[in-house]
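Beneath this line is the structure, given in structure tokens, with notes to follow.
The values are calculated or read from the model by the stated rules, or taken from the named source; none is laboratory data. All figures in this text were calculated on a predicted structure; none of them were measured in a lab. Backbone-built Cβ (ideal geometry, glycine too); neighbour counts: all protein chains shown.
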Amino acid sequence: MSKKHKKPQSKPSNAHKDKSEKKPLELKKAPKSKDRYDPWRVEGAKTSKWESLVLTVLLVAMFAGAYALGWTLGGALRRQIEHRNEAEGSEQFGQAEDQNSKEDESDAEEAKEEEGEAEAELSAKEEKSSEQPSEAEKSQAISPPDITGKKLIALTFDDGPSGAVTDQLLNHLRDKQVRATFFVLGYMAERTPSQLQREVSEGHEVGSHSANHTAFSRMTGADLANDTARMNQIFMNILGHNTPFMRPPYGDSAYSEKARLNVGQPMILWTVDTLDWKYRNAEVVRQNAVKDAFDGAIILFHDVYQSTADAIPLIIDDLRAQGYEFLTVSELAKARGVTMQNGVVYGSFRPR
């Protein structure tokens, strides 16, 4: 039996390899800088840093020029609008002036008519005045009292003149024939100068209580000197003369060197405080004034409270019943032989 011829086994070829097998990916290298996109680069040419800087400057200059041009045109437009508004405003103002002029003419005619009526009324009053004395002529100053054998005391009033309350108080003092001392505020005196004049004409005494009631501790030496000068001017304008002394607001810093050197007047405080500003009650004010009174005392009130005006007639009656008579501050000092000095503080004038 012959052996079968066997075909030689061939090796597998690469063509029959599994198609699913893939070659590994190759990483591409990043392009060089010269191959990247450069908006400033011209194809085939190179741009230096200086050239880029110059181009940037040119762009900025172009933007600035455009902005300036817009601003200029806008300004011109704004000015044109303003001129137009001014022209319209002038026209309206002219119309208003014409209207005001017509109204002024009408007012002037009315004023003339009123003036004529006033002159006629004044003539009638003058005719009557020749027959009857005026109220001012009827008013007489309160005479100085007889102080023989009497205890002496001074009534003082701060912060006025204040209108109705001051008038009521003056009426009570006139009825009781009592002279008092009023320490007035500058702005209040300027507001009602006739009341200040009435106080003096009826025999009372007035002194300064500063122009605006500012505490001395809040004022410099120059402020104090200026305040004194201002008050002197106010008194000169209203009364025709200065006043002999002043009272520091709140009694504050009266003993300070600053006050002594710059006020330039005697400073008057008090020894009996009625606290009328606190209680606003006529009976309480009356009790406080009477219970603490002594010979030579200066009593503090304020002529801005109705309760104070109501209490005064009762206080006068009570103190007179105890043997007191009433003087102004200057009269009380003189009666006790005291000559007041500038820059010195006085709170009472006791018997020597």
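Among the numbered conditions (1) free of Cβ contacts under 8 Å to residues at least 40 places away in the same chain; (2) surrounded by 15 or more Cβ atoms within 10 Å (Cβ to Cβ); (3) more than 21 Å from the chain's Cα centre (by Cα), the only one that MET236 does not meet is (2). Applying the selection to the stretch 137-168, what residues are within 15 Å of SER194 (Cα to Cα), over 30 Å from the mean Cα position of the chain (by Cα) and at pLDDT 95 or above? Result: GLN168, single match.
Is the stretch 286-303 home to any residue that is within 27 Å of ILE142 (Cα to Cα), touching a Pro at 6+ places or on another chain (Cβ under 7 Å), in the same structural domain as GLN168 (by TED's automatic domain parsing) and not acidic (Asp, Glu)? Scanning the stretch 286-303, I find at least one residue that is within 27 Å of ILE142 (Cα to Cα), touching a Pro at 6+ places or on another chain (Cβ under 7 Å), in the same structural domain as GLN168 (by TED's automatic domain parsing) and not acidic (Asp, Glu), so the answer is yes. Can you find a residue in the stretch 321-338 that is buried (at least 20 other Cβ atoms within 10 Å of the Cβ), assigned by TED's automatic domain parsing to the domain that holds GLU205 and within 28 Å of the chain's Cα centre (by Cα)? Within the stretch 321-338, not a single residue is buried (at least 20 other Cβ atoms within 10 Å of the Cβ), assigned by TED's automatic domain parsing to the domain that holds GLU205 and within 28 Å of the chain's Cα centre (by Cα).
Considering only residues that are surrounded by fewer than 22 Cβ atoms within 10 Å (Cβ to Cβ) and in contact with a helix residue (DSSP H, G or I) (Cβ under 6 Å, 6 or more places away or on another chain), look in the stretch 276-285 and name the one that is farthest from ARG218 (Cα to Cα). Before you say what the answer is, go through the steps one by one.
Looking only at the stretch 276-285, we keep the residues that are surrounded by fewer than 22 Cβ atoms within 10 Å (Cβ to Cβ), and these are 277-284.
Subset that is in contact with a helix residue (DSSP H, G or I) (Cβ under 6 Å, 6 or more places away or on another chain): 280-282.
Numbers: ARG280: 28, ASN281: 31, ALA282: 33 Å.
So, considering only residues that are surrounded by fewer than 22 Cβ atoms within 10 Å (Cβ to Cβ) and in contact with a helix residue (DSSP H, G or I) (Cβ under 6 Å, 6 or more places away or on another chain), the one farthest from ARG218 (Cα to Cα) is ALA282.
Looking only at the stretch 143-171, residues that are in contact (Cβ under 8 Å) with a residue 60 or more places away in the chain and crowded, with 18+ Cβ neighbours inside 10 Å come to 14 in all. If you check PRO266, PRO313 for being surrounded by 17 or more Cβ atoms within 10 Å (Cβ to Cβ), out of contact with any Gly (no Cβ under 7 Å at 6 or more places or on another chain) and either acidic (Asp, Glu) or closer than 29 Å to ASN226 by Cβ (or both), only one passes: PRO266. If you go through the stretch 314-340 and keep only what is polar (S, T, N, Q) and farther than 17 Å from ILE142 by Cβ, you end up with GLN322, THR339.
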